[in-house]
Amino acid sequence: MLILGIESSCDETGVALVRSEGHELPRLLAHALHSQIAMHQAYGGVVPELASRDHIRRVVPLAREVLAEAGQILQDLDVVAYTRGPGLAGALLVGAGVACALGAALGKPVLGVHHLEGHLLSPFLSADAPAFPFVALLVSGGHTQLMRVDGVGRYALLGETIDDAAGEAFDKSAKLMGLPYPGGPALSLLAQHGDPTAFKLPRPLLHSGDSDFSFAGLKTAVLTQAQKLGAQLDARKADLAASTEAAIVEVLLKKSLAALRQTGLTRLVVAGGVGANRHLREQLNAACARLQVRVHYPELHLCTDNGAMIAMAAAMRLQAETQEGSALSTHYSFDIKPRWPLAELVT
Ligand code: KG4
Ligand code: ZN
């Protein structure tokens with residue numbers, strides 16, 4: 001089965017082709033991505049209307065590109081998958097519209113995929129694919145969740161952020177320091193030259209005894225510290241960046257370890273944009289090696305949004321659903337879900 005996946009929920013247009021045979025792990029044949037970061041940078045954040053218009057420009061050429069790279073033609077497709085939510089409504093409509101138009105024209109079914117399920121299953125695209133069950137730390141720009149994952153569609157939420165997401169904490173702190181959007185990678189780069197112990201910043205909910213997170217207070221503490229530094233901020237920026245990164249990483253690390261203890265599982269999967277953070281990976285790798293826990297990440301370039309994870313999630317969902325009929329649709333009357341709790345997917 002040949003599956004085309006389209007991602008357009010935010011500021012990256014991603015298209016990919018995945019081949020799924022029986023119950024073997026689906027294989028990525030080709031993927032292409034256009035990031036809108038440079039376009040939004042002038043505004044310090046994503047401008048939804050510009051994002052939608054750019055997705056319209058990019059999606060068809062990207063689809064042509066992956067088909068050519070894989071040596072396939074449109075008529076070879078069996079399923080067209082797209083990100084149904086959560087995300088920006090206008091941006092989601094582009095991917096959904098194109099997917100349904102393609103499906104209708106080809107007489108092939110379409111499948112709306114949950115963006116976070118895409119992130120969650122993206123480590124299955126790497127050479128070192130995980131096995132179920134595992135604890136998943138899902139850390140993106142909009143979400144921070146710890147989950148117990150027993151299989152495709154078998155997700156139990158252990159805890160989540162009660163305010164800002166980890167990626168948001170990176171982005172907002174970076175903005176306060178005058179770093180360009182998206183703040184996470186920029187802050188992380190600067191942090192390499194700073195002292196992570198230079199400033200005492202809060203580790204919210206670190207000892208709350210549950211798997212919930214809170215990052216809003218951290219952002220306020222960074223703001224207060226930046227104001228205190230005043231004219232010295234420029235000279236101390238790397239130290240403030242390193243201290244901020246250390247605070248976020250420590251909370252993510254300790255909460256993940258607590259979730260592993262609580263569930264008794266010995267496998268951790270890290271997914272979402274913040275999973276690209278080097279410091280987080282180093283800390284998790286060291287701690288997991290000590291505890292004999294296997295830790296899996298998506299490949300670095302598949303941590304942030306992409307089409308491969310959407311095609312992969314569609315393929316894995318279809319493999320899991322064959323018994324009971326599936327979510328495949330030939331109605332082509334797409335309804336996107338800009339807000340869509342992952343819990344609604346549980347089968
Ligand atoms: O998963 P993603 O691409 O989009 C969402 O679904 O939200 O995640 C984007 C987030 C942004 O907040 C970005 O700053 C953060 O991931 N991010 C990073 C790094 N790379 C991306 N945060 C920290 N360190 C990084 N290296
Ligand atoms: Zn994402």
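Could you work out Rg/(2.2 N^0.38 Å) for segment 127-297, with Rg from alpha carbons only? Mind showing how you got there, number by number?
Details: Rg = 16.0 Å, N = 171, 2.2 N^0.38 = 15.5 Å.
So the Cα radius of gyration is 1.03 times the expected 2.2 N^0.38 Å.
Helix screen, the chain: DSSP H segments with Cα axial length of 30 Å or more and mean Kyte-Doolittle hydropathy at least 0.0 are 233-263. Shape verdict for segment 223-319, please, from the Cα gyration tensor: rounded (a/c under 1.5), prolate (a/b greater than b/c) or oblate. Oblate, since a/c reaches 1.5 and b/c is not below a/b. With both labels modelled 7 Å from their Cα along Cα-to-Cβ, the Leu106 to Arg261 distance reads 4.9 nm.
Add +1 for every Lys or Arg and -1 for every Asp or Glu among the other residues with Cβ under 13 Å from the Cβ of Met1, and state the total.
Numbers: positive: Arg19, Arg27, Lys108, Arg317; negative: Glu21, Glu24, Asp76, Asp78, Glu321.
Net of charged neighbours comes to -1.
With all projection directions averaged, the alpha carbon convex hull of segment 1-97 covers 6.4 nm². For segment 94-127 versus segment 224-268, the spacing of their alpha-carbon centroids is 34 Å.
What is the sum of charges around Met147, taking Lys and Arg as +1, Asp and Glu as -1, for the other residues whose C-beta is under 11 Å from the C-beta of Met147? It works out to a net charge of -1.
Kindly work out what percent of the DSSP beta bridges joining two residues of segment 127-297 are antiparallel, to the nearest 5. The partial results should precede the final answer.
Working: 12 of 20 bridges.
The antiparallel proportion sits near 60 percent.
The fraction of accessible area contributed by carbon and sulfur in segment 53-176 is 54 percent, rounded to a whole number (1.4 Å probe; ligands and nucleic acids excluded).
Among beta bridges from DSSP that stay inside the chain, the antiparallel ones total about 60%. Partner aspartates and glutamates whose Cα lies under 14 Å from the Cα of Lys108, excluding those fewer than 8 positions away in the same chain, are identified as Asp76, Asp78. From helices alone, the chain scores -14000 deg cm²/dmol at 222 nm; the rule is -39500 (n - 2.57) for each run of n ≥ 4 DSSP H residues, then divide by the residue total. A simple count of charges around Lys255, restricted to other residues whose Cβ falls under 13 Å of its Cβ and scoring Lys, Arg +1 and Asp, Glu -1, yields -1. With a Förster radius of 25 Å applied to the beta-carbon distance between Ser326 and Ile73, the computed FRET efficiency rounds to 0.50. Taking the 1.4 Å solvent-accessible surface of segment 189-347 as the whole, the part contributed by carbon and sulfur is 52%.
Taking every protein chain into account, the accessible area of segment 150-257 amounts to 43 square angstrom per residue (probe 1.4 Å). Treating r as the C-beta distance of Thr224 and Leu291 and R0 as 30 Å, the FRET efficiency rounds to 0.25.
Per the Debye calculation on the chain with a single equal scatterer at every Cα and no solvent contribution, log₁₀ I(q)/I(0) for q = 0.09, 0.13 Å⁻¹ amounts to -0.48, -0.97.
The values are calculated or read from the model by the stated rules, or taken from the named source; none is laboratory data. Note that this is a predicted model, so its numbers are computed, not measured. With ideal geometry, Cβ positions are generated from the backbone for all residues, glycine too; neighbour counts draw on all protein chains shown. Remember, those area values only see protein heavy atoms, side chains included, never the ligands or the DNA or RNA. Shrake-Rupley method; radii C 1.70, N 1.55, O 1.52, S 1.80 Å.
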